[in-house]
Each structure stands twice: as C-alpha cells, then as structure tokens.
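Report on the structure given below.
The values are calculated or read from the model by the stated rules, or taken from the named source; none is laboratory data. Predicted model, so just to flag it, every value in this text is computed and none were measured. Neighbour counts are summed over all protein chains in view; Cβ atoms, including those assigned to glycine, are modelled from backbone coordinates with ideal geometry. These area figures cover heavy atoms from the full protein model, side chains too; ligands, DNA and RNA do not enter into them. Shrake-Rupley method; radii C 1.70, N 1.55, O 1.52, S 1.80 Å.
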Amino acid sequence: ALRFREFYQCDFDIIGTGYSHLSPDAEVIRAMSEVLGALGLNFTVKVNHRALLQALCQHAQIPDEKFLGVSSCIDKLDKSSLKEVQKELVESKGIDATKAEILLNYTTIKGTPADVLRILESNEILMSSSSGKAKEALRDLHTVSRYLKAFGCGDEIEIDLSLARGLDYYTGLIFEAVLRRNNSSSSSSGGSAAAAAAA
C-alpha cells in the first residue's frame, strides 16, 4: 500500500562569489544547527568531503570511473551492514573483494573532527597514495571545523567517512543532520556545489 506523508521543506542557499573559502558551508551548517537546536531536537551533524572519498577509493586502487557507483553503495551503510554493502560492491559493482574490504574499513571511522583528522593525518600510506585528494579534503575539513568552533557549533559536529550523499552534484564538503534517537533519520543535509556551478 502507498503511504503519503505530509512534511515541510525549507532551503537555505548561499549564492555568489567573494566569500572566504568554506565560510558559506560553515554558515549553512551553523543555520542548520541553530534551527534544530531551537526545536529542542537531539541531533548530530555528520560531515565528509567528496575528495576524501575519492582519496579512499584511490588508496584502495578502485578505478576513478567506478567512484559514483561505489559511493552509492557506501551511502547505504546507515541502513545496511558492512557485509551487505561489501557483497553489493563485489557482485554488482565489480570491485575486487580485497579492495572493497580496504575501502569499507575506512568507512567505519567517525568521531570528533579533531580525533578523525588526527587519525587520517597519521596514515602516511593514505596521505601519499591519493594524488593530493586526501590532503585537499583534510585542509578543507580543518578550515570548516575552525569556523564551526568559532560559531559555537562544536559538540554536535562529527566527521563520518560513511557519509556519501549527493555526489552526483556536490563537489566538496557534504553534510547531513541526523536525529540521535534514530541514526537513520535524516532531518537536513547539504553540501558544496560551487565548482559544478562554475563549470
């Protein structure tokens, strides 16, 4: 049977040029956090970066042309087990099982920005095997983390390497707020599409 649900949708967009790097992304996350906080909701804002996901795929020696298909599988990790996602990567996406395992081991990493960035920066193999993608992503994540800390939005922010939403159109930072009582319930999300808009 079909189910019909009524809901409200609100958009928050920043359009234009001349902004400091990643300040618009941080402002959107700040607005998201303030609205959800004002509603009295218990939530976490998950943050990731397209270039970091690309770096993880390169590190696992997964061909660039398979990136979007692989990302669509990673995106299912909030509802499916690692074994189920690995099976799909191997059987549906044609990824070698060992390479899929290497990639998925990274997607279990999540935590405070300081902790996750420290873990990734200490991984010399990852940092040297991804054509600069990992360093680019970590610089951006450091930058947006500093903005958010200055805005007073630190406690609810989490870097989650399994977040892989909207990679058909987001070109940099990606983020999503989820209610803590139900980790699979997304209440808001977004990301950076500046480079795509300029193309």
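Consider segment 85-133 and keep the residues that are open to solvent by 50 Å² or more (accessible area, probe 1.4 Å) and among the β-branched types (Val, Ile, Thr). The one that is farthest from GLN61 (Cα to Cα) is THR112. Here ASP155 passes the criteria (1) in a loop (DSSP other than H, G, I, E, B); (2) of a type outside the set (Phe, Trp, Tyr); (3) touching a residue at least 60 places away in the same chain (Cβ under 8 Å) except the one numbered (3). Within segment 39-57, the set of residues being open to solvent by 10 Å² or more (accessible area, probe 1.4 Å) and among the β-branched types (Val, Ile, Thr) comprises just one member, THR44.
Annotation: ASP140 fulfils all but one of (1) out of contact with any helix residue (DSSP H, G or I) (no Cβ under 6 Å at 6 or more places or on another chain); (2) open to solvent by 60 Å² or more (accessible area, probe 1.4 Å); the unmet one is (2). Residue pairs whose Cβ atoms lie under 7 Å apart, sitting 6 or more positions apart in sequence or on different chains, and linking a residue in segment 124-149 that is closer than 11 Å to HIS49 by Cα to a partner that is open to solvent by 60 Å² or more (accessible area, probe 1.4 Å), are LEU138/GLU121. When each of ALA1, ALA31 is tested for being over 20 Å from LEU161 (Cα atoms) and at pLDDT below 90, the lone residue that passes is ALA1. Regarding PRO63, is this residue closer than 18 Å to ILE174 by Cα and surrounded by 12 or more Cβ atoms within 10 Å (Cβ to Cβ)? Against the criterion (closer than 18 Å to ILE174 by Cα and surrounded by 12 or more Cβ atoms within 10 Å (Cβ to Cβ)), PRO63 does not qualify.
Is it the case, given these coordinates, that GLY16 is more than 21 Å from the chain's Cα centre (by Cα) and of a type outside the set (A, V, I, L, M)? Yes: the conditions hold for GLY16. Of all residues in segment 143-178, those that are hydroxyl-bearing (Ser, Thr, Tyr) and buried (at least 21 other Cβ atoms within 10 Å of the Cβ) total 2. Among residues of segment 68-101 being in contact with a Leu (Cβ under 8 Å, 6 or more places away or on another chain) and free of Cβ contacts under 8 Å to residues at least 60 places away in the same chain, the one that is nearest to GLU124 (Cα to Cα) is ALA100.
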